[in-house]
Amino acid sequence: MKVLVVGGGGREHAIIMKLAESKRVTKLYCAPGNGGISKYAECFPVKATDLDGMLALAKKLAVDWVFVAPDDPLVLGMADMLRENGFKVFGPSKAAAIIEGSKVFSKNLMKKYGIPTAAYEVFTEADKAIAYIKAQNSYPTVVKADGLALGKGVIIAQNEQEAVDAVHSIMEDKIFGESGSQLVVEEFLTGPEVSVLSFTDGKTVCPMISSMDHKRALDGDNGKNTGGMGTVSPNPYYTADIAKQCMDEIFIPTMNAMNAENRSFRGCLYFGLMLTPKGPKVIEYNCRFGDPETQVVLPMLENDLMDIMEATEQQTLDKLPMTWKSGACACVILASGGYPEKYETGKEIFGLDEKGQCEGAAVYHAGTKLSEDGKLLTAGGRVLGVTASADDLQSALDKAYAAVKGITFEKAHFRTDIGKRALAAK
């Protein structure tokens, strides 16, 4: 099997490393890829959102499979275009990807089908949104851009002024572009957050091992929202009883709701959950593997990922038992100083071997590139995901942080408290 992976971040690196374990995969390609991915897959400079360019590349390489990993190309309909041209694809159709592409769609879907989520209202005009916020007078309150925003389109406002500023910046200043043409104002939920990625073929939902993301830039869950500064798996708050409740009240109802809307979902459906005092509720859906959740979930998977991809496309997931490793996995993100706001790139990275790895951990490259003379340089806000597995979470964290200490680049930034909340749960 020749497989082309679309994307160029830490998630894609983790997917490629998992596919490389398969005896059935003979050649791996990635577009656009990055400096670390290029050590394991042949990379091509085609943008993930270039539908025509990606189709042409898939044809030129005569690949057997295309794994469309990021949200943008899925929402644009890349999976449909590839399937129409005879390629096997892992990733949902455009019609199904709207579950992430529009927060308004997903919130209305949950309301229509009785899937537990935060109370909300949708607005297309800033003044009406502000009037509603003032009338509610309940803080914190959550203001969300409707469309895709690199995982950063959510502002948690602590008071009226912050909420009003959020509406103005999203709808009028367009800080998230056209994603802010509509917005959702919703109640602030409390409780432990859980990420549950799941394989689904439209008939069966197979949840993966749970994880816990750390969204804020700074220790103590302070600072700006980011794409994620680290993850641990499994999430200790996600018990067997809660997992069953989520399956019955959220996972299966969501799959059935999408089928009822003629938007059958095949691929990875991500459930962002809050375990509230009133039970689990959906914060968000993603139409693909999360980043950096993938970096701690896929290393725990014992199955051949290629077998799962085939079962998802052929709708035979019910015949494929999934097995997961025991123990725990932890990922610490090394980011550029200033991320998620202004940051510099092009800094040389020290402490990695010729494969872009270091002893005792798996290093997933998120924002790296190779210089003309072969040096690894920073090329993004999130640069590396330093990941380690062990028999227990504390040991996994110790290994990951020990590896982090051996990797340096100018103005490198990372959180020192990844996994702290998870450890407190035990």
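The values are calculated or read from the model by the stated rules, or taken from the named source; none is laboratory data. The shown structure was predicted, so the numbers you read here are calculated from the model rather than taken from an experiment. Every residue, glycine as well, gets a Cβ built from its backbone with ideal geometry; the counts of neighbours run over all protein chains shown. These accessible areas exclude ligands, DNA and RNA; they are computed on the full protein's heavy atoms, side chains included. Shrake-Rupley method; radii C 1.70, N 1.55, O 1.52, S 1.80 Å.
Restrict the check to the stretch 44-55 and report whether at least one residue is under 21 Å from F289 (Cα atoms), in contact (Cβ under 8 Å) with a residue 40 or more places away in the chain and not hydrophobic (A, V, I, L, M, F, W, C).
There is no residue in the stretch 44-55 that is under 21 Å from F289 (Cα atoms), in contact (Cβ under 8 Å) with a residue 40 or more places away in the chain and not hydrophobic (A, V, I, L, M, F, W, C).
Please verify whether V196 is open to solvent by 20 Å² or more (accessible area, probe 1.4 Å) and among the aliphatic types (A, V, I, L, M), treating the condition exactly as stated. No; evaluated as a whole, the condition is false for this residue. Hey, does the stretch 291-303 have a residue that's within 22 Å of T204 (Cα to Cα) and open to solvent by 10 Å² or more (accessible area, probe 1.4 Å)? Yes, that holds for at least one residue. Selection of first residues in the stretch 107-119 that are assigned to a helix (DSSP H, G or I) and of second residues that are open to solvent by 10 Å² or more (accessible area, probe 1.4 Å) and among the hydroxyl-bearing types (S, T, Y), restricted to Cβ pairs under 8 Å at least 6 apart or on distinct chains, gives the following pairs, ordered by first then second residue: K107/T117; K107/Y120; M110/T117; K111/T117. Every condition in (1) assigned to a loop (DSSP other than H, G, I, E, B); (2) without any contact (Cβ under 8 Å) to a residue 24 or more places away in the chain; (3) open to solvent by less than 80 Å² (accessible area, probe 1.4 Å) is met by A166 except one, and the failing one is (1). What tally of residues in the stretch 241-262 results from selecting those that are surrounded by fewer than 16 Cβ atoms within 10 Å (Cβ to Cβ) and under 19 Å from R421 (Cα atoms)? The qualifying residues number 0.
The residue pairs whose first member lies in the stretch 381-392 and is under 21 Å from R216 (Cα atoms), whose second member is crowded, with 24+ Cβ neighbours inside 10 Å and among the charged types (D, E, K, R), and whose beta carbons are closer than 9 Å, counting only pairs six or more residues apart or on different chains, are R382/D291; G385/R11; G385/D291. Out of the residues in the stretch 366-377 that are part of a loop (DSSP other than H, G, I, E, B) and open to solvent by less than 40 Å² (accessible area, probe 1.4 Å), state the one that is farthest from W324 (Cα to Cα). Selected residue: S371.
Would you point out the residue of the stretch 169-187, among those that are in a loop (DSSP other than H, G, I, E, B) and not polar (S, T, N, Q), that is nearest to P236 (Cα to Cα)? Within the stretch 169-187, the match that is nearest to P236 (Cα to Cα) is F176.
Just the residues that are crowded, with 17+ Cβ neighbours inside 10 Å and β-branched (V, I, T), please, taken from the stretch 27-51. Matches in the stretch 27-51: I37, V46. Only one entry of F123, F87 meets the criterion of being within 22 Å of K18 (Cα to Cα), among the aromatic types (F, W, Y) and over 21 Å from the mean Cα position of the chain (by Cα), and that entry is F87. Reported count of residues in the stretch 52-69, each being under 22 Å from Q315 (Cα atoms) and either surrounded by 18 or more Cβ atoms within 10 Å (Cβ to Cβ) or in contact with an Asp or Glu (Cβ under 6 Å, 6 or more places away or on another chain) (or both), is 6. Can you tell me which residue is farthest from the chain's Cα centre (by Cα) among those in the stretch 60-71 that are more than 15 Å from G290 (Cβ to Cβ) and part of a helix (DSSP H, G or I)? Out of the qualifying residues, it is K60. Of all residues in the stretch 378-421, which are aliphatic (A, V, I, L, M) and either at pLDDT below 95 or open to solvent by 30 Å² or more (accessible area, probe 1.4 Å) (or both)? Answer for the stretch 378-421, where residues must be aliphatic (A, V, I, L, M) and either at pLDDT below 95 or open to solvent by 30 Å² or more (accessible area, probe 1.4 Å) (or both): A379, A402, A412. Selection over the stretch 286-305 of residues that are over 19 Å from V232 (Cα atoms) and within 10 Å of the chain's Cα centre (by Cα) gives a count of 1. The set of residues in the stretch 129-163 that are outside any helix (DSSP H, G or I) and hydroxyl-bearing (S, T, Y) comprises S138, Y139, T141.
Candidates are the residues of the stretch 314-365 that are of a type in the set (F, W, Y) and either in contact with a Ser or Thr (Cβ under 8 Å, 6 or more places away or on another chain) or in a loop (DSSP other than H, G, I, E, B) (or both); the one that is surrounded by the fewest Cβ atoms within 10 Å (Cβ to Cβ) is F350. Counting only strands (runs of 3 or more DSSP E) wholly contained in the stretch 188-259, the ones carrying 2 or more residues that are over 19 Å from the mean Cα position of the chain (by Cα) occupy 222-225.
Checking the stated criteria, R24 turns out not to satisfy the condition of being of a type in the set (K, R) and surrounded by 18 or more Cβ atoms within 10 Å (Cβ to Cβ).
Taking each residue of the stretch 173-186 that is without any contact (Cβ under 8 Å) to a residue 24 or more places away in the chain and looking for partners that are crowded, with 23+ Cβ neighbours inside 10 Å and assigned to a helix (DSSP H, G or I) with beta-carbon atoms closer than 8 Å, six or more apart or interchain, yields K174/G180.
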